[in-house]
């Protein structure tokens, strides 16, 4: 359970920032941080077992028939990544608290961040590849929100869109690859797939699966030629860049390659695709990074380059190279996160991150300078920092790997990549911090407060510690993770000195020397760079996307033009076409069932229904008349239910009709009383034709179904047999509602409650200051009004009928389990009884006597229903299992008590509250339109036989 | 025996009444006439339900009749208030 909880915690935590921001930014950051810290702690509790070599597992069945299970497992690799994600996540939360400006909505930021964190943790802990894909797509979506966080910046929005397109597209390819892989292995569980190396590599589908999965990995990890999205994602706030591009998002691709390493690697295909791509990416991106003036762009390309480095190492396919890759993942995360945060600090304090406008910050920002120096030297691979250690190991591996039987190619290119890496790292230090102090900074730079530099400083300390004592600080984690990647125990030996005969030493020296030289020649190289034409990735991307966007726009706007009529027409025609196809290609014979006799009275009812419907079509522009005709339809439908042996439905329909008419009339008061003619005759003919097609189709379908026996066995038998013994009631309809399908009913009352609350909220919004409110205030009734607001006869009649109606409601409620009735109908009846009082004596008079809030009624109803359902848990039964028993209390006869009755009370309260809230909300609009408020039940004083004057009546 | 004839006669009468109400809803000098006709339709339907119950000897639809009797007039009141005052809950 605990692993699922670790993955779930960030998602649950995502709910908190939005609430806590009301308590202030510190509280918001603190709560967000605590959730992450808790997840990290739970991970830490699992760490000892993992380091002993065990694999911690949590298995939850989700949809076993699809092979989709919420299975999680934690091995060394998962531990490493989850630790990075949560640990650096914690630092980012701290950093972001001080980085974000006052105007930035911080609650939103933390919510996005936590969503992203949860998705990442989900990826690295998933044991099921389908589950992994779900989390994979979630990272694409949540990173879209994060990158586009500054919605006012067009670059932010475009960068977010580009990142989503590229990584989302790769994700789609990966879904296909994973499905193929799962099919070959016969299971979607990683732990099973990882055991099936031979079967997978021998399969004809190995290459397609490999390419598709690698497409997903390469797009996510910004490998050539998909690297272009990453620099554009730099438009995000720096905490996002630091998080996404140092430890998390872009490492997801690496993670997956490492995860799949045991089954996919070791073949020539793997080597040539992965190692070559990594090599090209590493060298190319490092070169570009040298010529970027924007600090974050420099870091972005350096990130791409380092990702290429790790990809290349994984591509080599040897256990040693994979171990180095794991080690470099740790090192890169530490120094790159520190550098991104420092770049953010420079931007924050100097208001620019353009290297051309910086320089001389060394004395102005000594703390930042120290952090940047440590991290940059590590990035450059200068001893004794941690970047040096992994780079030496990388060069060593590169020197020993041949490409197409060429023994020195990879070594040379890797050295060149390292050379550029040295150059841009030193350039970061030299051009931003060294040199003379300038006088033209956009803002006066100074070191930030502790909150902002604490996180990068901590990372810089790690850079030094891992650099000085690698065996003590990092080797255990590298061993655990590398063992998990390679599937064999790894005992790494990391040293600073590999001896004079190690090629890595000379390659390293060449890189440092060459790098310093390149930095010295930078102005000249820069001029050359500017002079050479280069493909502009964004322009190509936009050009590629443009036709698709136009096509999508044309389709979407054609189908979805905002007119409801069009959606309905398209939907209806599509369904009709499909049905016609089925009819045309299938066999069809006339049904064999005998038709029922049609006595004259039901025939009359049928005729009324048809005539009323036709009349509605003819007179629909007169809205009041239409409502009267709808009354006929409702009446006939209700009595039809009663005639066709559905008394429960009849009762419900009768009361629903009343509530509907009242609701419509309330709304009609503020609407035009006639519908204007808006469409041309041709259009109306066309629409009429569609309506006739749909109507005739439905009628034919109903006729076809009712004149033959069902193709499948009806489920009625089950309900009839089990209703009394299983549910304890003889009214099967009610037992279905509260017991067999109680879960559905539970969902429905929640929906009903939400709908009523939405009506309330919309009315509230309408009554706030705004154009709608102004129109209401200026409202003039469009018809002459009769003088008697509250006729005494009506008032008295409704008062008399109130207790009777309540009694009937109570009766209907109680008998519901065994006879037609139940909570839903009872709720409607009581609501009608109460609405009568509103109609007779007015809103204010009634509201003053209303003791219970309708919101509370809805809440009580849902809570009671939920509590009844949960009650079953205490008996060890599933949610909403009902229990019942028979009791005798003198002088009553034996009667039954069932938990379903409690559930029905919940239904009753929710229905009552929802109907009343909806009606009351609508009638409040009338109050705003300048209606007078009365506190007396009616406008005359019957004891004196006179009309109340306006003073008394108010 | 006589009950059957009586029931047939009653069905005929209320059925005719229903048909005439229907005519009144469609052809009427004003909205109030239509509303009243609809209200009378409810009464007739109520009677038909009870008659049907008597004929089949079943009480299962009695509550439907009860509910029609109790709430049927509420719609009528609502229509009337709308015609008279515009707003049905003031």
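Applying the criterion of being part of a helix (DSSP H, G or I) and touching a strand residue (DSSP E or B) at 6+ places or on another chain (Cβ under 7 Å) to the residues of segment A:92-142, the residue that is farthest from residue A:11 (Cα to Cα) is A:130. When the residues of segment B:6-20 are filtered to those that are more than 9 Å from every other protein chain (Cβ to nearest Cβ) and touching a helix residue (DSSP H, G or I) at 6+ places or on another chain (Cβ under 6 Å), the one that is nearest to residue B:80 (Cα to Cα) is B:17. Of everything listed in (1) within 33 Å of the chain's Cα centre (by Cα); (2) at pLDDT below 80; (3) within 14 Å of another protein chain (Cβ to nearest Cβ), the single unmet condition for residue A:921 is (2).
State all residues of segment B:38-67 that are farther than 14 Å from residue A:632 by Cβ and facing chain A (nearest Cβ under 8 Å); if no residue qualifies, say none. Give the derivation first.
We begin by selecting, within segment B:38-67, every residue farther than 14 Å from residue A:632 by Cβ; these are B:46-67.
Result: B:48, B:49, B:52, B:60, B:61, B:63, B:64, B:66, B:67.
Residue count for segment A:41-78, restricted to those that are assigned to a helix (DSSP H, G or I) and either within 25 Å of residue A:257 (Cβ to Cβ) or at pLDDT below 85 (or both): 11.
Inspect segment A:377-384 for any residue being within 25 Å of residue A:440 (Cα to Cα) and under 39 Å from the mean Cα position of the chain (by Cα) and give the result as yes or no. No, that holds for no residue. Only one of the listed residues (A:816, A:842, A:821, A:869) is more than 44 Å from the chain's Cα centre (by Cα), over 19 Å from residue A:756 (Cβ atoms) and in contact (Cβ under 8 Å) with a residue 24 or more places away in the chain. That residue is A:842.
Against the list (1) within 28 Å of residue A:924 (Cβ to Cβ); (2) within 7 Å of chain A (Cβ to nearest Cβ); (3) assigned to a helix (DSSP H, G or I), the condition residue B:90 fails is (3).
Restricting to segment A:463-498, count the residues that are within 35 Å of the chain's Cα centre (by Cα) and either assigned to a helix (DSSP H, G or I) or at pLDDT 85 or above (or both). Lay out the reasoning, then the answer.
The initial filter retains those residues of segment A:463-498 that are within 35 Å of the chain's Cα centre (by Cα), namely A:477-478, A:480-487.
Retained after the next criterion (residues that are either assigned to a helix (DSSP H, G or I) or at pLDDT 85 or above (or both)): A:477-478, A:480-486.
Result for segment A:463-498: 9.
Residue-wise test of (1) within 9 Å of chain B (Cβ to nearest Cβ); (2) in contact with a strand residue (DSSP E or B) (Cβ under 7 Å, 6 or more places away or on another chain); (3) without any contact (Cβ under 8 Å) to a residue 60 or more places away in the chain.
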{"site": "A:638", "(1), (2), (3)": "yes, no, yes"}
{"site": "A:648", "(1), (2), (3)": "no, no, no"}
{"site": "A:652", "(1), (2), (3)": "no, no, no"}
{"site": "A:655", "(1), (2), (3)": "yes, no, no"}
{"site": "A:661", "(1), (2), (3)": "yes, no, yes"}
{"site": "A:684", "(1), (2), (3)": "no, no, yes"}
{"site": "A:695", "(1), (2), (3)": "no, no, yes"}
{"site": "A:698", "(1), (2), (3)": "no, no, yes"}
{"site": "A:701", "(1), (2), (3)": "no, no, no"}
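Quick one: in segment B:68-82, which of the residues that are farther than 20 Å from residue A:809 by Cα and more than 8 Å from every other protein chain (Cβ to nearest Cβ) is surrounded by the fewest Cβ atoms within 10 Å (Cβ to Cβ)? So, considering only residues that are farther than 20 Å from residue A:809 by Cα and more than 8 Å from every other protein chain (Cβ to nearest Cβ), the one surrounded by the fewest Cβ atoms within 10 Å (Cβ to Cβ) is B:76. In summary, helices (runs of 4 or more DSSP H) completely within segment A:720-818 and bearing 2 or more residues that are surrounded by 19 or more Cβ atoms within 10 Å (Cβ to Cβ) occur at A:732-735, A:742-767, A:792-815. When you look at residue A:518, is it assigned by TED's automatic domain parsing to the domain that holds residue A:689 and in contact (Cβ under 8 Å) with a residue 60 or more places away in the chain, yes or no? So residue A:518 fails the test. Residue A:591 satisfies every condition listed in (1) touching a residue at least 60 places away in the same chain (Cβ under 8 Å); (2) within 13 Å of chain B (Cβ to nearest Cβ) except (2).
Here the condition is being surrounded by fewer than 12 Cβ atoms within 10 Å (Cβ to Cβ) and in contact (Cβ under 8 Å) with a residue 40 or more places away in the chain; of A:455, A:432, A:481, A:488, it holds for A:488 alone.
Going through A:210, A:194 one at a time, which residue ends up being modelled with pLDDT of 90 or more and farther than 14 Å from residue A:167 by Cβ? Show your work before the answer.
Details: A:194 fails: modelled with pLDDT of 90 or more.
Exactly one of A:210, A:194 is modelled with pLDDT of 90 or more and farther than 14 Å from residue A:167 by Cβ, namely A:210.
Among the residues making up segment A:892-907, those that are buried (at least 24 other Cβ atoms within 10 Å of the Cβ) and either within 33 Å of the chain's Cα centre (by Cα) or free of Cβ contacts under 8 Å to residues at least 12 places away in the same chain (or both) are A:903, A:906, A:907.
Of the helices (runs of 4 or more DSSP H) lying entirely inside segment A:294-385, those containing at least 3 residues that are modelled with pLDDT of 90 or more and closer than 25 Å to residue A:89 by Cβ span A:295-316, A:319-350, A:366-380. The residues listed here are A:885, A:871; of these, the one that is surrounded by fewer than 21 Cβ atoms within 10 Å (Cβ to Cβ) and in contact with a strand residue (DSSP E or B) (Cβ under 8 Å, 6 or more places away or on another chain) is A:885.
Does any residue of segment A:539-558 turn out to be away from chain B (no Cβ under 14 Å), over 22 Å from residue A:654 (Cα atoms) and outside any helix (DSSP H, G or I)?
no
Within segment A:612-636, no residue satisfies the criterion of being facing chain B (nearest Cβ under 8 Å) and surrounded by fewer than 17 Cβ atoms within 10 Å (Cβ to Cβ).
Is it the case, given these coordinates, that residue A:7 is surrounded by fewer than 20 Cβ atoms within 10 Å (Cβ to Cβ) and within 14 Å of residue A:86 (Cα to Cα)? No; evaluated as a whole, the condition is false for this residue. Would you mind finding the one in B:85, B:34, B:27 that is within 30 Å of residue A:673 (Cα to Cα) and more than 9 Å from chain A (Cβ to nearest Cβ)? After ruling out the rest, the residue left standing is B:27. Is it the case that residue A:209 is within 18 Å of residue A:302 (Cα to Cα) and in contact (Cβ under 8 Å) with a residue 24 or more places away in the chain? Judged against the criteria, residue A:209 is not a match.
Summed over segment A:757-804, the residues that are away from chain B (no Cβ under 14 Å) and within 19 Å of residue A:927 (Cα to Cα) give a count of 18.
The values are calculated or read from the model by the stated rules, or taken from the named source; none is laboratory data. Quick caveat, the model's predicted, so the values are computed rather than measured. Neighbour counts are summed over all protein chains in view; Cβ atoms, including those assigned to glycine, are modelled from backbone coordinates with ideal geometry.
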